[in-house]
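Each remark here refers to the structure printed beneath this line.
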Amino acid sequence: MSLKDRIQEDMKTAMRSGDKDRLGCIRLIMAAVKQREVDERITLDDAQLLGVLEKMGKQRRESITQFQAGGRADLVAKENAELDIINAYLPAPLGTAELDALISQAISETGAASIKDMGKVMALIKSKAQGRVDMSTVGARIKARLS
């Protein structure tokens, strides 16, 4: 079963059970997927769908930070609930040891020696760890390694 099919089945389950919050979040996910499919005139595969989910998760994390700064606990709770639902569709995140091993492997495979080669390393890691790690964290670690 593809990720898109799983999300659609979860939407049907949420409709039947009357879980309005979960249903609303899943509909937001499906709307983002449909929007991208219409804009690019393609059908998203699982890897591209993970990209959409990552983007939505990042938006929720940024909103949570801003709402906390503004003292809006009600909105923080709503965004956290949506983030939990989005994260349920993403693969398990990589641990620090796994991430370091992946970075070392990517550096050796690309033959990276300086910061100039960072793009090659990032591209390789992104293809292997999409949806499992925040790429800004990866970028900082690669930069530290290559400096």
From the list Leu75, Leu94, Leu99, Leu83, pick out the single residue that is in contact (Cβ under 8 Å) with a residue 12 or more places away in the chain and touching a Phe, Trp or Tyr at 6+ places or on another chain (Cβ under 9 Å). Leu75
I'm trying to understand the selection: among the residues of the range 1-57, which are of a type in the set (Lys, Arg), more than 19 Å from Asn80 (Cα to Cα) and free of Cβ contacts under 8 Å to residues at least 12 places away in the same chain? Lys12, Arg16, Lys34, Arg41
Go through the residues of the range 112-130 one by one and say whether even a single one is among the hydrophobic types (A, V, I, L, M, F, W, C) and within 22 Å of Leu3 (Cβ to Cβ). yes
State all residues of the range 119-135 that are touching a Lys or Arg at 6+ places or on another chain (Cβ under 9 Å) and surrounded by fewer than 18 Cβ atoms within 10 Å (Cβ to Cβ); if no residue qualifies, say none. Asp134, Met135
Considering only the range 37-52, I want to know if a residue exists there that is part of a helix (DSSP H, G or I) and of a type in the set (Lys, Arg). no
Can you name the residue in the range 52-106 that is acidic (Asp, Glu) and over 24 Å from Met122 (Cβ atoms) and is also surrounded by the fewest Cβ atoms within 10 Å (Cβ to Cβ) among such residues? Asp74
Limited to the range 56-96, what total is found for residues that are modelled with pLDDT under 90 and assigned to a helix (DSSP H, G or I)? 1
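The values are calculated or read from the model by the stated rules, or taken from the named source; none is laboratory data. What you are looking at is a predicted structure, and each value in this text was computed from that prediction instead of being measured. Virtual Cβ from ideal backbone geometry, glycine too; neighbours counted across all protein chains shown.
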